[in-house]
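See below for the structure under consideration.
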Amino acid sequence: LLNGELPTAAALEAWEAELAEHTAPPAGIKNLLDGFHSDAHPMGVFLSTVGALSTHYPESKQIFDEDNRRTQVARLIAQAPVIGAYSYRRANGLPYVDPDPSLSFAGRFLGMLFGEPGAPYTPNPVLERALDILFILHADHEQNCSTSAMRGIGSSQADPFAALAGATAALYGPLHGGANEAVLRMLAAIGSVDNVPDFIRKVKAGEGRLMGFGHRVYKSYDPRATVIKAQAYRVFEVTGRNPLLDIAIELERIALQDDYFVQRRLYPNVDFYSGLIYEAMGFKPAMFTVLFAIGRTPGWVAQWQEMLRDKDQKIARPRQIYLGAGERDYVPLDQR
Ligand SMILES: CC(C)(COP(=O)(O)OP(=O)(O)OC[C@H]1O[C@@H](n2cnc3c(N)ncnc32)[C@H](O)[C@@H]1OP(=O)(O)O)[C@@H](O)C(=O)NCCC(=O)NCCS
C-alpha cells in the first residue's frame, strides 16, 4: 500500500524492525488513557489518543520531508494496535501489557490484549492468522467516508496524527465502521432463528435496517464477506461456535431470496460476519470498530502520503449550490 510493490525479504525484515522500534507509545500516553472514565467507549478513547500523539510528535508537522514522514507512518502503524489494546485493557480494568517485538503484528496485538504483564505469550496460530487476514481485508477501500476525511484533513497540511484522528471519527459512525458492532447488537436483539422472519418484515416496513447488508459502491456480494465467512468457520473450530452465527446465516438466506433486498441489490458486506469472529475471539462489540481502525490505519496513511506526493493537490474545498432565501433584511433581536 505504501510503496506500490510487495517488499523483498530484506525490505520486509527492515520494515518489521522499524515497526518494532516505534511500537512503544510516548510515556505520557498511559496517563492520558488512565484519565478516561472506566466505561468510556474504546473508539472514543482510541481517536482521542491518536490525536494526542500529535502533541508528542511536533516534528510530524514536517509533512513534506520524506524521511520524517516515513517515521510518522511507522509510528502510526506500530502504535495503533498498542493504543487499541490499551483502550481495551483499560475498559476491562486490566493492567497494560507491553508489546513483545518478537511476535508478528497480529500476534503482538493479541499478546497485549490477552497476555499477562511480564509473562511470555504464544498466540494461537489460527486466531493470529484470522486477525491478520481481517487486518489485510480492512486495510484500504478507496474513497470511503473515513479515507475521504483523512485526505480532506490532510489536504490542509495538518499533521498525520490529527488527520488520522479525524478519519477515525468518521469510521466511528454506525453507517461506516460502526456497522460491525451494530450487526452483533442486531443479532443479539433478534435472539433466535425463529424471530428472523419477523425482523425481516420490520426492516421491509422501514423499521430499521438490516445491518451488515448493502454498500454504497458494491451492488453485489462484497468479496471481503466471502473470505471472512470462511475464516469464521476456522475460528469457531478453536473458540467454539458462536450461537449468533445461525441467526446470521438465516438472515442471509432469507434476504438473498427476498425481492426487497434483491431489487435493491443489498448483499452482505464486510461487517456482516467480522463481528462474529471478533466476539468468538473474546472481544466485546464496543471494541470492533477499533479493530477496523487498526486494520485501516496503513490504508489511511498510504492515501495521505499519495495525496501529499501529488503536485496538483490543493486543499479540499467542495462548493455548494445555495438554495436558501434571497436577500433578507436584518431583524433586531427584540423584534423577532
Ligand atoms: C451502506 C449503506 C449506507 C449504503 O447506502 P446507499 O447505497 O446510499 O443506499 P441507500 O441508503 O440509498 O438505500 C437504497 C435503498 O435500499 C434500502 N437499504 C439500503 N441498505 C439497507 C439495509 N441495510 N437494510 C434495509 N434496507 C436498506 C434503503 O432503505 C433504500 O430503499 P428505498 O429505495 O426504498 O428508499 C446502506 O446500505 C446501509 O445503511 N447499510 C447498513 C449499514 C452497514 O452495513 N454499513 C456498512 C457498510 S460497509
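Just to be sure before I move on: is residue 158 within 19 Å of residue 134 (Cα to Cα) and either outside the structural domain of residue 71 (by TED's automatic domain parsing) or not β-branched (Val, Ile, Thr) (or both) in the structure I sent?
Numbers: within 19 Å of residue 134 (Cα to Cα): no; either outside the structural domain of residue 71 (by TED's automatic domain parsing) or not β-branched (Val, Ile, Thr) (or both): yes.
So residue 158 does not fit the description; no.
Restricted to region 35-60, and to residues that are open to solvent by less than 60 Å² (accessible area, probe 1.4 Å) and assigned to a loop (DSSP other than H, G, I, E, B), which residue is nearest to residue 141 (Cα to Cα)?
41
Out of 89, 70, I need the residue that is assigned to a helix (DSSP H, G or I), under 25 Å from residue 146 (Cβ atoms), charged (D, E, K, R) and open to solvent by 60 Å² or more (accessible area, probe 1.4 Å). Which one?
Matching residue, one of 89, 70: 70.
Check region 304-321 and report whether any residue there is within 23 Å of the chain's Cα centre (by Cα), open to solvent by 100 Å² or more (accessible area, probe 1.4 Å) and of a type outside the set (Lys, Arg).
Scanning region 304-321, I find at least one residue that is within 23 Å of the chain's Cα centre (by Cα), open to solvent by 100 Å² or more (accessible area, probe 1.4 Å) and of a type outside the set (Lys, Arg), so the answer is yes.
Given 263, 303, 313, which one is polar (S, T, N, Q) and without any contact (Cβ under 8 Å) to a residue 40 or more places away in the chain?
263
Just to be sure I understand the filter: pairs with C-beta atoms under 7 Å, separated by 6 or more residues or on different chains, first member in region 214-228 and closer than 18 Å to residue 261 by Cα and within 8 Å of the ligand (Cβ to nearest atom), second member open to solvent by less than 20 Å² (accessible area, probe 1.4 Å) and among the small types (Gly, Ala, Ser). Which pairs pass?
As it stands, the answer is none, since no pair meets every condition given.
Can you name every residue in region 54-102 that is at pLDDT 95 or above, more than 20 Å from residue 288 (Cβ to Cβ) and small (Gly, Ala, Ser)?
54, 60, 74, 78
Restricting the search to region 23-34, which residues are surrounded by fewer than 17 Cβ atoms within 10 Å (Cβ to Cβ) and under 23 Å from the mean Cα position of the chain (by Cα)? It would help to see each step written out before you state the result.
Kept after step one, since they are surrounded by fewer than 17 Cβ atoms within 10 Å (Cβ to Cβ), are these residues of region 23-34: 24, 26-28, 30-31, 34.
24, 26, 30, 34, listed by residue number.
Could you tell me which residue of region 174-206 is surrounded by the fewest Cβ atoms within 10 Å (Cβ to Cβ), considering only residues that are near the ligand (Cβ under 9 Å from one of its atoms) and assigned to a helix (DSSP H, G or I)?
Residue satisfying both the conditions and the ranking: 204.
Can residue 82 be described as β-branched (Val, Ile, Thr) and more than 25 Å from residue 163 (Cα to Cα)?
Criteria not met by residue 82.
Collect the residues in region 246-257 that are surrounded by fewer than 19 Cβ atoms within 10 Å (Cβ to Cβ) and touching a residue at least 24 places away in the same chain (Cβ under 8 Å), keeping them in residue-number order.
246, 254
Would you confirm whether or not region 10-22 contains a residue that is in a loop (DSSP other than H, G, I, E, B) and under 20 Å from residue 108 (Cα atoms)? Full working, then the answer.
So in region 10-22, the residues in a loop (DSSP other than H, G, I, E, B) come out as 22.
From the residues that got through so far, the ones that are under 20 Å from residue 108 (Cα atoms) too are 22.
Yes: region 10-22 contains one or more residues that are in a loop (DSSP other than H, G, I, E, B) and under 20 Å from residue 108 (Cα atoms).
Could you run through region 234-265 and say how many residues are under 17 Å from residue 132 (Cβ atoms) and not charged (D, E, K, R)?
Here the count works out to 3.
Considering only region 152-173, state which residues are open to solvent by less than 50 Å² (accessible area, probe 1.4 Å), away from the ligand (no atom under 13 Å from the Cβ) and either farther than 25 Å from residue 110 by Cα or in contact with a strand residue (DSSP E or B) (Cβ under 6 Å, 6 or more places away or on another chain) (or both).
152, 154, 155, 158, 159, 160, 162, 163, 166
Determine whether region 125-143 contains at least one residue that is more than 16 Å from residue 289 (Cα to Cα) and within 16 Å of the ligand (Cβ to nearest atom).
Yes, region 125-143 has at least one match.
The values are calculated or read from the model by the stated rules, or taken from the named source; none is laboratory data. Model, not experiment: these values are computed from the prediction. A quick note on method: Cβ atoms are made from the backbone with ideal geometry, for glycine too, and the neighbour counts reach across all protein chains shown. Each accessible area value is taken on the protein alone, full model and side chains, heavy atoms only, with ligands, DNA and RNA left out. Shrake-Rupley method; radii C 1.70, N 1.55, O 1.52, S 1.80 Å.
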